[in-house]
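J.: I am attaching a structure below and will ask some questions about it afterwards.
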Amino acid sequence: MKKIWNYFFLVLLFSCQKDKKSDHIFFGGQIVNPSSSYVTLYKDNQRIDSLELDKSFKFYKKYDSLDLGIYKIEHIPEYNSVFLEKGDSLWIRINASAFNESIVYSGNGASKNNFMMDLQLFFENENKFLSSKYSNDSKSFNSIIDSLLIEKKSNWILMDSLVKLSPIAQKITQAAYIYPYATKKERYALLRGTNWNEKEDSVFFQYRKYLNYGENDLAFFDPYIMYLMNYVNERALDSSENFFLNKGKTKFNIKRLEVIENEISGSVLKNNLARAIAYEEILNYENHKDHDRFLQYYFTVNSSKSHLNEVLTLHQGIRQMSKNKILPRVNLQNHKLDTITSSAIFKKPTVVYFWSQTQMNHFRSTIQKVNKLKLEFPNYDFIGISIQPYNEIVAQVHRMMQIDQNKQYAFLNFESASKKWVLRLLNKAIIVDKNGVIIDGFANFASSNFQKNLNE
C-alpha cells in the first residue's frame, strides 16, 4: 500500500508544477487495447460529447465553455468519474483490458483525480480486510473504520496543502473518502439488523450528524449516491425486519421511496435516488404483478420527466421481453462485417449469450459452458454476441479459441440494442424458439441450474 501512495504523491508533485489557471478546459487521453472507437463524456447523466480515437488510439479536445463538476468518461462497456473545472489541462491514460486499475492522469487537474482513483484501489484492498470485521461488536467496528478514515484525511490534507484545491474540488475530494466509510457503517447496521437498543443506536449513528442529505453538487457522484442508498435501506426497515429477507420486495421498495420523500432534500437528488430504486424494482421480474402498484407511488415522488420516460421505457421493454413475445429486432454484424437483423439468425431453438472484449476470463468460462451444453442439447443453437462491434481483436480471439464464427455476431449499436433486449449483465441469456418467439427473456447463463431452462 505504501508503494501506491508513494507513486501517487510523485504524480501529485509533478502535476503541481503545472498549476497554471486559464478559462478553458483541455481534456484528452489514450486508450490502450480499446474496445470501441470512441469515448463518451457525460455530465449529470446527459451525453456532452463523443470523442473519436485516432490511429494511435488518442483523443483530445479543448472546451471553451464547459461547466465545472463531476463528469463520467465512458469507453463501452466501462466508465469512471472525472472532475473537471476551468484551467484544467488533463490527460488520461487507460488500458481497457484493466480499466479502473490502469487509469492514470497527468497535467493540470491531475492531482485531485489521481487522489480519487487511488482511493478506489485502496477501498478494493480494504474491503477484503473489512469483510472479516463485520462480525465485530459495533464499538470495535467503528474504531476500525474511524482509523482508516483518519489515515485518508491526513493524505487529503497533505494534497490540499500542496495543490491549493478550489472549494468545490475540496468538497468532492473529501466526499470521495468520507462517504465510502459512512457507507460501510450503514452496511454494518444492515448486516446486524435493526433490533438494537436506543443507547446503542445513538452511539453508533453519531456520524450521521456530520453528513449532508441534500448535497446537490454530489447528486451524480457515485460514492455519495452509494451512501444514500444504503442509508435509505437502513431507514426503511422496521425494528423487527431483516434486510436480506425484505430487499427486492415491492413493499420494501415503496417504503424506500417514502424515506426519500421525507428525509432527502433537493429535487435532483430525490429524483436520482427514486430512479435507482425504480430500476431495481422493475428489473426484479418476480415482482412483475406488483410493478403497476409501485409505479403509482413512484409517480408521486419523482418530478423528472426524463427519469419518468426512462423508467416507463424500461417497464415497457421488459413487457416486450416476456414469454411468448417476438424478440425485438436489433441490427447485428457478422464476422464478414455484413449487417443483418437478429430475426435472421434463428433457424432452430436458440440460446443467445453475450460477451465483452474487455472481459476475456468471462468469455472463456462462457465458451467452456457452451461447449458442454452443445453436446447435451444438440437441438439448440448457441449464438454469441459481442457487445462491441467486430474488429481484429474479435477475429483473433475466435481463431485462437477455435470458435465457429458463423455462430458469432456483434452489436452495431450497443446502446440501442441493450435497451430493446434489456441487457444489463453479461451473464444474461435469451432463449427463443426457431421463430424467434421468446421462451425466456431473462435467463441467467451463469446459473448452475441453467440447463433446466432447456429441459422445459
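Just so it is clear, none of the values below were taken in a lab; they were calculated from the coordinates. Predicted model only: the values in this text are computed from it and were never measured. Virtual Cβ from ideal backbone geometry, glycine too; neighbours counted across all protein chains shown.
J.: So the label point goes 7 Å from the Cα of Glu52 along Cα→C-beta, right? Which residues of segment 66-83 then have their backbone N under 20 Å from it?
T.: Under cut-off, by backbone N: 74-76.
J.: Then there's this: If we count other beta carbons within 10 Å of each Cβ, what is the order of Phe382, Phe27, fewest first? Display every interim value, and only then the final one.
T.: On the way: Phe382 20, Phe27 25.
So the ranking, lowest neighbour count to highest, is Phe382, Phe27.
J.: Here are some pairs, Lys249/Lys270; Lys58/Lys164; Lys164/Lys185; Lys72/Lys336; which of them have Cα atoms lying more than 27 Å apart in this structure? Don't skip to the end; give the middle numbers.
T.: Details: Lys249/Lys270 21 Å; Lys58/Lys164 30 Å; Lys164/Lys185 31 Å; Lys72/Lys336 34 Å.
Cα-Cα > 27 Å for Lys58/Lys164; Lys164/Lys185; Lys72/Lys336; rest within.
J.: Next up: Could you tell me what percent of the DSSP beta bridges with both partners in the chain are antiparallel, to the nearest 5? Please list the in-between numbers first.
T.: Numbers: 42 of 58 bridges.
Rounded to the nearest five, the antiparallel share is 70 percent.
J.: Can I ask one more? For segment 267-274, in order, what is each residue's ³J(HN,Hα) by Karplus, 6.51 cos²θ - 1.76 cosθ + 1.60 with θ = phi - 60°, in whole Hz (x at glycine and Pro)?
T.: Per-residue couplings from phi come out as 5, 4, 5, 4, 4, 5, 5, 5 Hz.
J.: How much length, in nm to one decimal, is gained on full extension between Ser303 and Ser140, taken as 0.36 nm per residue of separation minus their Cα-Cα distance? List each step's numbers first, then the result.
T.: Values: separation 163, 0.36 × 163 = 58.68 nm, distance 4.20 nm.
Full extension from Ser303 to Ser140 adds 54.5 nm.
J.: Same structure, new question: Which entry in [x] 73, 43, 37; [y] 65, 58, 42; [z] 68, 52, 39 matches Cα extents along the principal axes in Å derived from the coordinates of this structure?
T.: Answer label, from the structure shown: [y].
J.: Expressed in nm to one decimal, what extension gain is obtained for the pair Ile340 and Leu211 from 0.36 nm per residue of sequence separation less their Cα-Cα distance? Walk me through the numbers before you get to the answer.
T.: On the way: separation 129, 0.36 × 129 = 46.44 nm, distance 5.29 nm.
Roughly 41.1 nm would be gained on extension.
J.: Let me ask something else. Can you give the charge dipole size of segment 20-108 about its Cα centre, rounded to the nearest 20 debye, using +1 on the beta carbon of Lys and Arg and -1 on the beta carbon of Asp and Glu?
T.: Values: 11 positive and 12 negative charges, 49 e Å.
My answer is approximately 240 debye.
J.: Which of the aspartates and glutamates could a cross-linker bridge to Lys153, judged by Cα under 14 Å and excluding same-chain residues fewer than eight apart?
T.: Output for Lys153: Asp118.
J.: Another question about this same structure. Based on the Cβ-Cβ distance from Gln402 to Asn427, what FRET efficiency comes out when R0 is 30 Å, to the nearest 0.05? Each step should come with its number before you reach the end.
T.: On the way: r = 23 Å, r/R0 = 0.78.
Given R0 = 30 Å and the Cβ-Cβ separation, E is 0.80.
J.: Continuing with the same structure: So how far, in whole Å, is the C-alpha centre of segment 247-287 from the one of segment 64-103?
T.: Result: 29 Å between the Cα centres.
J.: Would you list Ser342, Ser140 from fewest to most Cβ contacts within 10 Å?
T.: Numbers: Ser342 23, Ser140 11.
Placing the least packed residue first, the sequence is Ser140, Ser342.
J.: Which one of Met400, Asn331, Tyr60 has its Cα pushed farthest toward the positive end of the charge dipole of the chain, where Lys and Arg give +1 and Asp and Glu give -1 at the Cβ?
T.: So the residue we want is Met400.
J.: Treating only the Cβ atoms of Lys and Arg (+1) and Asp and Glu (-1) as charged, compute the dipole magnitude of the chain about its Cα centre; round to the nearest 20 debye.
T.: Details: 59 positive and 48 negative charges, 167 e Å.
Approximately 800 debye in magnitude.
J.: Rounded to the nearest 0.05, what FRET efficiency is calculated for Ile393 and Lys348 with R0 set to 35 Å and r the Cβ-Cβ distance? Intermediate values should be presented prior to the final figure.
T.: Working: r = 30 Å, r/R0 = 0.85.
E between Ile393 and Lys348, to the nearest 0.05, is 0.75.
J.: While we're on this one: Calculate the length of the line joining the C-alpha centroid of segment 136-162 to that of segment 364-424, in whole Å.
T.: 45 Å
J.: Now for a different question. Fewest to most neighbouring Cβ within 10 Å: what's the order for Thr313, Thr250?
T.: Values: Thr313 11, Thr250 18.
So the residues, fewest neighbours to most, are Thr313, Thr250.
J.: Next question. Hey, what do the phi angles of segment 161-175 turn into as Karplus ³J(HN,Hα) couplings, whole Hz, using 6.51/-1.76/1.60 and θ = phi - 60°, x for Gly and Pro?
T.: 5, 7, 9, 6, 5, 5, x, 5, 5, 4, 4, 6, 5, 5, 4
J.: Looking only at segment 331-455, where both bridge partners belong to it, what percent of the DSSP beta bridges are antiparallel (to the nearest 5)?
T.: Taking every DSSP beta bridge with both residues in segment 331-455, the antiparallel ones total about 60 percent.
J.: Quickly estimate the mean residue ellipticity at 222 nm for the chain, helices only: each DSSP H run with n ≥ 4 gives -39500 (n - 2.57), and the total goes over all residues, rounded to 500.
T.: Details: 16 runs with 213 residues, N = 456.
After summing the helix terms and dividing by residue count, I get -15000 deg cm²/dmol.
J.: Please count, across segment 343-452, the pairs of lysine residues with Cα atoms under 19 Å apart that sit 8 or more places apart or on different chains.
T.: So the count works out to 24.
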